[in-house]
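What follows is a single structure, written as structure tokens, with notes after it.
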Amino acid sequence: MKMNTYDQFTNQYSVSKTLRFELKPVGKTAEWIKEHNIIDVKNDELIGKDAEKAKHYKYAKRLLDAMHRTFIEDALGSIDEDELCHNRQIMTVRV
């Protein structure tokens, strides 16, 4: 078998490929989405009801995370360590 000059460069590594699937609305579904202003792209920017929800979600998540963190700190900060140890002993005895 004749050796090609490129043989030493080919088939050196295994190839892995990633498949990506996408659902695109077609027909009446696409028309309905446009009619109801659900989501669309204009000038490389998302517009529509879902796009607005996505923007508001980021703000709401930060706000709720901060409120949750404050609630937990307040709840745990009001626990008396001696009472906690006493309750832990009672729970251990009951088991």
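The values are calculated or read from the model by the stated rules, or taken from the named source; none is laboratory data. The model shown is predicted, which means the values in this text are computed figures rather than measured ones. Here the Cβ is made from the backbone with ideal geometry for all residues, glycine too, and neighbour counts use every protein chain on show.
Quick rundown of the values:
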item: Lone qualifier among Thr10, Thr5, Thr18 - being surrounded by fewer than 10 Cβ atoms within 10 Å (Cβ to Cβ), in a loop (DSSP other than H, G, I, E, B) and under 23 Å from the mean Cα position of the chain (by Cα); result: Thr18
item: Selection within region 26-45 - surrounded by 10 or more Cβ atoms within 10 Å (Cβ to Cβ), out of contact with any Lys or Arg (no Cβ under 9 Å at 6 or more places or on another chain) and not in a helix (DSSP H, G or I); result: Val41
item: Any hit, region 70-87, residues being among the hydroxyl-bearing types (Ser, Thr, Tyr) and either in contact (Cβ under 8 Å) with a residue 24 or more places away in the chain or assigned to a loop (DSSP other than H, G, I, E, B) (or both); result: yes
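Condition check ((1) modelled with pLDDT under 85; (2) of a type in the set (A, V, I, L, M)) across all residues:
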{"site": "Glu22", "(1), (2)": "no, no"}
{"site": "Asn37", "(1), (2)": "no, no"}
{"site": "Lys49", "(1), (2)": "no, no"}
{"site": "Glu52", "(1), (2)": "no, no"}
{"site": "Glu81", "(1), (2)": "yes, no"}
{"site": "Val95", "(1), (2)": "yes, yes"}
